[in-house]
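Structure, as structure tokens:
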Amino acid sequence: MLFFFAVLLLIATFSSKMSARFGVPGLVIFLALGMIFGSDGFKLIQFDDPVLAQQIAIACMIIILFEGGFSTKKELLRLAFRPAFSLATLGIMVTAVTLGLLSHLLIGLPRESAILIGAIVSSTDAAAVFAIFRNKRIEPKTAATIEVESASNDPMAIILTITIISFMQGEITSWQLFLGQLLWQILAGLSIGYLLGKTAPHLINRIKLDSGGFYYVLILSLCFLSYGLADELNTNGFLAVFIAGCYIGNAEFVYKQSITRFIEGLSTFSQVVLFLMLGLLVFPSNLLQNWQHGIIIAVILTFIARPVAVFLCTIFWKYSLKEKLFICWGGIKGAVPIVLATYPYVEGLEGGSYYFNVVFFVVLLSALIQGSSIDLVAKKLGLLAGSKTRNPFSFELIALQETQSELLEYSVDKGSWLVNHSLQDIPWPQDSLVTAIVRQEEIITPRGDTVIKAQDLLFILLKNDYQEELLDLLDGTDGQNEREGYSCQP
């Protein structure tokens, strides 16, 4: 079995290139591979244990959500935090209730069951959104809104799903208790994530470990600690994980660049394992038994529930009709709904397999149709400005203790005043040095007479105290304008 699993991982890795070439989200390919290798396909890997699947899925989701928070930069939060947060909280509830009530009326599902399905499929997939947007130039505010929403709405969907299941099982006997439990899950999860997120960078900076490898162990332990502590206090660990990751990722600490790459790699591995496992868990023959309900729910979700949530939650912010329509179409579904679909079965709810099959079908349609057409929709709406330039090189400043320096990466736009100026003619701040220039996929050794060209990527080493002065110089402003195109590596 281990041999076939290794082969499956290899195929999934190489298939990612096909995913990028044909515009099909990777999760669709990984799910398909799981189904092909699974019990209803070639039967090379027998896997039909929802309980074990949920336990593995929780571990994977902890890492994925932590990385989602870790990679959500404060620049994005400043640009679109309020509308994105509204979509990630109120939008989840509106989507769940709208989809649930319409499913109840059109399909005849029991009201509680219909709303539970609505809660399960209400969140958007951060992995799919980030993968699609990574190489695309979408209108900044619109892209930021979708990215921040997709990174932060999973905890709310998880909280809502678990609370509704508890209500259906009779553990919560009144709506007042339901709302109280929901409030506790949110507030306590936020508090635990905030405390660990603010404490962790100080711990990392002061512990001074002898080997860089132990910093990976430390960050992973902090990730699982945030979930475990919340779980011990009977609150939502996923929300705590995301908030902790968000605060840690936006702090400065030693070995950060290497830790970032470690977290990204671990998150990618977790996503692949999660999708492959969920593909192995599903039986395509059972999936097709409920295809009618799956199509109806997917149509309601895409064309009614999601638009209602988007238009309601963005009413107080200035978005054009085209931007709102794109945000509606950008609500791609992914791993979290499928994982949540195992909860009714594991908790012993009647029709547990029905929830899983219907949700799986809905996610598959969403990822395949919306994920594959997102470029076309953005282009038709006039929100696609082309593809981003991909830098094939990476430079890092790695230290096992705090330094007073950082490595800044700056992309020179065509309209920048730096173009056609030599390095020696630019009044660089004190203690700063251009260490490398990337031009057309080649590394140029910088010299005094080296002339800067448009689309150059500059790597500049400087003291922390001179960062603002350098950014003002590069932007050619007094520092009041918003800065884009650079990133700092401590």
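The values are calculated or read from the model by the stated rules, or taken from the named source; none is laboratory data. Model, not experiment: these values are computed from the prediction. Positions of Cβ are backbone-derived with ideal geometry, glycine not excepted, and every protein chain shown enters the neighbour counts. With ligands, DNA and RNA removed, areas are computed over all heavy atoms of the protein, side chains included. Shrake-Rupley method; radii C 1.70, N 1.55, O 1.52, S 1.80 Å.
I'm trying to understand the selection: among the residues of segment 94-111, which are free of Cβ contacts under 8 Å to residues at least 24 places away in the same chain and either open to solvent by less than 10 Å² (accessible area, probe 1.4 Å) or at positive phi (or both)? Within segment 94-111, GLY100, GLY108 meet the criteria. Within segment 425-440, no residue that is free of Cβ contacts under 8 Å to residues at least 24 places away in the same chain and open to solvent by 90 Å² or more (accessible area, probe 1.4 Å) sits with its Cβ atom under 7 Å from a residue that is assigned to a strand (DSSP E or B) and of a type in the set (Lys, Arg) at 6+ positions apart or across chains.
Restricting segment 330-359 to residues that are surrounded by fewer than 24 Cβ atoms within 10 Å (Cβ to Cβ) and charged (D, E, K, R) leaves a set whose member that is farthest from the chain's Cα centre (by Cα) is GLU350.
Does segment 410-421 contain any residue that is at pLDDT below 90, within 29 Å of the chain's Cα centre (by Cα) and closer than 30 Å to GLY213 by Cα? Taking every residue of segment 410-421 in turn, at least one turns out to be at pLDDT below 90, within 29 Å of the chain's Cα centre (by Cα) and closer than 30 Å to GLY213 by Cα.
When GLY249, GLY294 are screened for being touching a residue at least 60 places away in the same chain (Cβ under 8 Å), open to solvent by less than 30 Å² (accessible area, probe 1.4 Å) and under 30 Å from PHE5 (Cα atoms), only GLY294 passes.
Looking at segment 137-159, is at least one residue basic (Lys, Arg), in contact with a Gly (Cβ under 9 Å, 6 or more places away or on another chain) and either open to solvent by 10 Å² or more (accessible area, probe 1.4 Å) or not in a helix (DSSP H, G or I) (or both)? Yes, some residue in segment 137-159 is basic (Lys, Arg), in contact with a Gly (Cβ under 9 Å, 6 or more places away or on another chain) and either open to solvent by 10 Å² or more (accessible area, probe 1.4 Å) or not in a helix (DSSP H, G or I) (or both).
Considering only segment 219-235, I want to know if a residue exists there that is modelled with pLDDT of 85 or more, open to solvent by 60 Å² or more (accessible area, probe 1.4 Å) and under 19 Å from SER71 (Cβ atoms). Looking for residues that are modelled with pLDDT of 85 or more, open to solvent by 60 Å² or more (accessible area, probe 1.4 Å) and under 19 Å from SER71 (Cβ atoms), one finds at least one in segment 219-235, hence yes. Assessment of segment 112-122 against the conditions (closer than 28 Å to LYS379 by Cβ, open to solvent by less than 10 Å² (accessible area, probe 1.4 Å) and at pLDDT 90 or above) yields at least one matching residue. Scanning segment 62-93 for residues that are closer than 30 Å to SER221 by Cβ and open to solvent by 10 Å² or more (accessible area, probe 1.4 Å) returns ILE63, ILE64, GLU67, SER71, LYS73, LYS74, GLU75, LEU76, LEU77, PHE81, PHE85, THR89. In segment 167-181, what residues are in a helix (DSSP H, G or I) and surrounded by fewer than 17 Cβ atoms within 10 Å (Cβ to Cβ)? Residues satisfying the conditions are TRP175, GLN176, LEU177, PHE178, LEU179, GLY180. I want to confirm something. Restricting to segment 383-408 and keeping residues that are under 23 Å from the mean Cα position of the chain (by Cα) and either open to solvent by less than 60 Å² (accessible area, probe 1.4 Å) or modelled with pLDDT of 80 or more (or both), which single residue is farthest from ILE452 (Cα to Cα)? Here the answer is LEU383. Within segment 182-199, residues that are open to solvent by 90 Å² or more (accessible area, probe 1.4 Å) have Cβ atoms under 9 Å from residues that are assigned to a helix (DSSP H, G or I) and β-branched (Val, Ile, Thr) in these pairs: TYR194/ILE243; LYS198/ILE248, counting only partners at least 6 apart in sequence or on another chain. Of everything in segment 254-283 that's over 30 Å from TYR354 (Cα atoms) and without any contact (Cβ under 8 Å) to a residue 60 or more places away in the chain, which residue is most open to solvent (accessible area, probe 1.4 Å)? Looking at the filtered set, the residue picked out is ARG261. Residues that are of a type in the set (A, V, I, L, M) and touching a Phe, Trp or Tyr at 6+ places or on another chain (Cβ under 7 Å) were ranked within segment 441-466; the one that is most open to solvent (accessible area, probe 1.4 Å) is ILE443. Residue count for segment 214-251 satisfying the condition of being at positive phi and in contact with an Asp or Glu (Cβ under 9 Å, 6 or more places away or on another chain): 0.
Meeting the requirement of 3 or more residues that are of a type in the set (D, E, K, R), out of contact with any strand residue (DSSP E or B) (no Cβ under 9 Å at 6 or more places or on another chain) and over 15 Å from MET277 (Cβ atoms), the helices (runs of 4 or more DSSP H) wholly within segment 315-373 are 321-329. Where strands (runs of 3 or more DSSP E) fall wholly inside segment 410-482, the ranges with 1 or more residues that are over 29 Å from LEU79 (Cβ atoms) are 432-439, 442-444.
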